[in-house]
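J.: Next up is a structure, given as structure tokens.
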Amino acid sequence: MEKREHWGSKLGVILAVAGSAVGLGNFLRFPAKAVLNGGGAFMIPYFVAFLLLGIPLMWVEWTLGRMGGAAGHGTAPGMFDKLDGAGRWAKYLGTIGILGPFIILTYYMYIESWTLAYAFYSFTGHLPFSGGQDSMKAFLSGYQGLAHNQYFSSLWPALLFFLITFLTNFYFIYRGVRGGIEKLSRYGMPVLLGLGILLAIRVLLLGTPDLSQPQLSIKNALGFFWNPDFSRLGDAKVWIEAAGQIFFTLSVGIGVILTYASYLKRSDDIALSGLSASATNEFCEVILGGSIVIPAAFVFLGGASGAMEAARGGTFNLGFVTMPLIFGKIPAGQLFSGLWFSLLFVAGITSSVSLIQPAVSFLEDELGLSRRRAVVVLGAISFLACLPAILFLGHGFVDELDFWGGTLFLVVFATIEVILFAWVYGIDRGWEEMHQGALIRIPKVYKYIIKFVTPAYLSILLGVWSFQQFWPFIIMKGVSPADRPYQWAARIMILLLWLGIAAAVAWVWRGRRLGVKS
Amino acid sequence: MNIWGLFFMLVSWGLILALVVFSFVKVLEKDNKNNNE
């Protein structure tokens, strides 16, 4: 078996984790959530959630990951199994840390390929910039294969861009942690930041494009985003939304940070690195994300009502319909639209490679496959697993995958992680472990936050979401009869994947027990 | 934008930029130290 890799530098791992965290959500989900939940006032519950939920979970995942890596495990089954005090069942809880990222990957890479396609279509002038909402929606539907129209008559262009995206992702995975992921992040993140800053500046310098409508100014647009509605702070929904946004934006509870941290050396710092990665994510989210989409929508879509409608329209609509239309209205719009989608593509690929790595680590660390073989095996399985999301997009298949992998599993897994860390392993030992090689001293109050506050916060989230969202989704409330078979098929696919992972874990551990006995 | 809006924007931006600068200065300091050793 090849020797376990390590990251090349501290900056490399920070940029890799930040890259994993920074995605489409930073630029599309956050701005919408902020304006729909009190504007500037939203930042109060947002920062509270960052301090009490996001950052503690970050540190817990980094610590568990580094501990696991020191014992030769890059994924949660091995990590949880090795955790002092955890029972034999713990490794099966850990399977969520492989299943979750893999499920997300099966649709995320497809969406990422759209951003690549749209960058191409922007630069080459194929996007219907002057056509209006209906044309832009038709373009998207045609591209996705949901409609045959003057823009697209088949799914082949989408499949081609998906293939390019797929091969690019696996190329970086094949090159390894240091030569692939770290290198991608070291170049990709500065490019992402550069593109984001460029677009933010472009939007912030819009001034008042239509002098006959002086109220549609960038100053008023920023006011629309940041002016606080304090009355919303009394609404529990706003606090829940803020916690949810922090949770999803930092990519905690997926299992990717566990895997990335497993490639740290035991003496490598966690405290400062986790903080730096989180800070980078927040820069991209609040400063860049808050300065592009909603302010531009305000200025070009008729002010508050247009911007609110854009915010309510959902992530895909905002990113792939509203934004190119807006860019079409400014000078050199084609170029800026291309840069916008390039930004989203870089944000996407630095995230998608992190979604692939846990499964690769599992194959290498637990099944003893070489990296080459692990990449080939996983590539084949992934390619097949991605096809349903492409072919059945219009039938709610992706919504189903996103619910289980992208929502439920995250909250459940994060709760498992923090309880195992603070209560099973013990917060005193965990605290000591966290500070091995630390370059900053974490405030001691975090010992109590990690043990009591974060689990409580997660339990509230889990409880509220279970009642409001999870249960209706599980019983397929409002799903049309025609789509039900597809959503059931998605559930069966998830179940089969989980059974495969659990069987592999059982087989590997049985082999080890027999090996020890003999 | 009203005064509260400006306040929230500047404080949010300020806190995040301070965090970014603080953490990356320390990171680069340590990386340089390791390279020299």
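Quick note: the coordinates plus some simple rules give every number you see, no bench work behind them. None of these values were measured; they are calculated from a predicted model. Here Cβ is always computed from backbone atoms with ideal geometry, including for glycine, and neighbour counts include all displayed protein chains.
J.: Quick one: Debye curve from the C-alpha atoms of the range A:10-517, no solvent, what's log10 I(q)/I(0) at q = 0.08, 0.09, 0.11 Å⁻¹?
T.: -0.48, -0.61, -0.93
J.: Count the net charge of all other residues whose Cβ sits under 13 Å from the Cβ of A:Gln487, scoring Lys and Arg as +1 and Asp and Glu as -1.
T.: Value of the local net charge: -1.
J.: Let me ask another. Quick one: in the range A:105-220, what % of C-alpha pairs are over 16 Å apart?
T.: Percentage above 16 Å: 73.
J.: Tell me the trypsin sites (Lys or Arg not before Pro) within the range A:417-476 that lie in a loop according to DSSP and have at most 12 other beta-carbon atoms within 10 Å. List each step's numbers first, then the result.
T.: Numbers: sites: A:Arg429, A:Arg441, A:Lys444, A:Lys447, A:Lys451; in loops: A:Arg441, A:Lys444.
For trypsin sites (Lys or Arg not before Pro) across the range A:417-476 that sit outside H, G, I, E and B with at most 12 neighbouring Cβ atoms in 10 Å, the list reads A:Arg441, A:Lys444.
J.: If you don't mind, another one. Give me the aspartates and glutamates in straight-line cross-link reach of A:Lys444: C-alpha distance below 16 Å, same-chain residues under 8 apart excluded.
T.: Partners found: A:Asp428, A:Glu432, A:Glu433.
J.: Assigning unit charges at the beta carbon (Lys, Arg +1; Asp, Glu -1) and nothing else, what dipole magnitude in debye, to the nearest 20, does the range A:10-517 show about its Cα centre?
T.: Value, rounded to 20: 1040 debye.
J.: Add -39500 (n - 2.57) for each DSSP H run of 4 or more in chain A, then divide by its residues: what number comes out at 222 nm, to the nearest 500 deg cm²/dmol? Numbers along the way, then the final one.
T.: Details: 26 runs with 340 residues, N = 518.
The helix contribution divided over chain A gives -21000 deg cm²/dmol.
J.: In what sequence do A:Val48, A:Val505 fall when counting other Cβ within 10 Å, fewest first?
T.: Values: A:Val48 16, A:Val505 22.
Going from least to most buried by this count: A:Val48, A:Val505.
J.: Run down the lysines and flag those whose C-alpha is under 22 Å from the C-alpha of A:Lys329, throwing out any fewer than 8 positions away in its chain.
T.: List returned: A:Lys137, A:Lys219.
J.: Using DSSP to call loops (not H, G, I, E or B), can you name the trypsin sites (Lys or Arg not before Pro) in the range A:1-109 whose Cβ has at most 14 other Cβ atoms within 10 angstrom?
T.: A:Lys3, A:Arg88
J.: Could you tell me the center-to-center distance, by alpha carbons, between chain B and the range A:173-210 in angstrom?
T.: Going from one Cα centre to the other spans 18 Å.
J.: State the Cα centre-to-centre distance between the range A:459-518 and the range A:101-132 in whole Å.
T.: 29 Å
J.: If the only charges are +1 at each Lys and Arg Cβ and -1 at each Asp and Glu Cβ, what is the size of the charge dipole of the range A:247-392 around the Cα centre, to the nearest 20 debye?
T.: So the magnitude is around 300 debye.
J.: Here is a further query. Over chain A, calculate the relative contact order: mean separation of alpha carbon pairs under 8 Å at least 6 apart, over the residue count, as a percent.
T.: RCO, chain A: 32 percent.
J.: I've got another one for you. Magnitude of the Cβ-charge dipole of the range A:416-518, K/R +1 and D/E -1, about the Cα centre, nearest 20 debye?
T.: The calculated dipole for the range A:416-518 is roughly 280 debye.
J.: Once you have the alpha carbon radius of gyration of the range A:410-508, what is it after dividing by 2.2 N^0.38 Å, with N set to its residue count? Could the numbers behind the result be given before it?
T.: On the way: Rg = 19.2 Å, N = 99, 2.2 N^0.38 = 12.6 Å.
Normalised Cα radius of gyration, the range A:410-508: 1.53.
J.: When we measure straight from the Cα of A:Lys237, which lysines land under 19 angstrom away, once same-chain ones fewer than 8 places off are left out?
T.: Partners within reach: A:Lys33.
J.: In the protein assembly as shown, with Lys and Arg counted as +1 and Asp and Glu as -1 at Cβ, which of these residues, A:Val256, A:Asn220, A:Leu105, has the Cα nearest the positive end of the dipole, that is, farthest along it?
T.: Value: A:Val256.
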